[in-house]
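Beneath this line is the structure, given in structure tokens, with notes to follow.
The values are calculated or read from the model by the stated rules, or taken from the named source; none is laboratory data. Not measured: the values here are computed from a predicted model. Using ideal geometry, Cβ is built from the backbone for each residue, glycine included, and neighbour counts are taken over all protein chains shown.
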Amino acid sequence: MNRSRLPPSERPFDLLVRKTGGEERAIGVLHELSLQMGARLQRGLTGAVPDQVLAAVALIRAGIALDAVSSSLTWQEFEAFCANLLKVHGYTVKTNVVLTRPRRQIDIFAEGQTLALSVDCKHWGRSFSGWALERVATEQIERSTLYKLKRRVKVPVLPVILTLLDSQVREVVGVPVVPIFALRDFLVSVNRFDEGLAIV
């Protein structure tokens, strides 16, 4: 498939405006996508973090090359969008949690009433190898276990990898790999009693 590339330094929303033929149409695309994802579309479109990520998802769906879209987003934008989406779905969220001795960092810790999610956000610009994904998942299990012990979390904790890309991999070593646009459906269906999940 021939995928279009983003011009250098063009922000996702700006490109979406060009691709759709105007800001009003771009806002319409984002509004529809935000409803599908269960997120509220924020005002101040060109400056708000969630809107750049929504625009990036819309561009990927429209055939723009993932590596180009991914490079136009910062990791902070992607993590903030993921955190906001989890808050919308009723989770209490902590971001950039740092543990000491040993030093480890968790991008997002989202606690619900019966299950907590320890989230590693990845907006990789290309498909990832099975080996790399397995390493990331194993490290997320380790961080999640350490966090639960050190912070005395009462509910079960599920390590999760959130991605910008939809890959064929849905789970690796018991860690769900969830594309950001499928997070809503994942949150509705995940259960702490699901077999095979690396719940700590």
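Taken over the stretch 61-90, residues that are crowded, with 21+ Cβ neighbours inside 10 Å and more than 14 Å from the chain's Cα centre (by Cα) amount to 4. One residue alone among 165, 149, 133, 158 is assigned to a strand (DSSP E or B) and not assigned by TED's automatic domain parsing to the domain that holds residue 36, and that residue is 158.
Among the residues of the stretch 90-124, the ones that are of a type in the set (A, V, I, L, M, F, W, C) and assigned to a loop (DSSP other than H, G, I, E, B) come to 2 in all. For the stretch 68-75, the criterion of being touching a Phe, Trp or Tyr at 6+ places or on another chain (Cβ under 6 Å), touching a residue at least 24 places away in the same chain (Cβ under 8 Å) and not aromatic (Phe, Trp, Tyr) is satisfied by no residue at all. Scan the stretch 148-162 and give yes if some residue there is under 30 Å from residue 32 (Cβ atoms), at pLDDT 90 or above, of a type outside the set (Gly, Ala, Ser) and touching a helix residue (DSSP H, G or I) at 6+ places or on another chain (Cβ under 7 Å), otherwise no. Looking for residues that are under 30 Å from residue 32 (Cβ atoms), at pLDDT 90 or above, of a type outside the set (Gly, Ala, Ser) and touching a helix residue (DSSP H, G or I) at 6+ places or on another chain (Cβ under 7 Å), one finds at least one in the stretch 148-162, hence yes.
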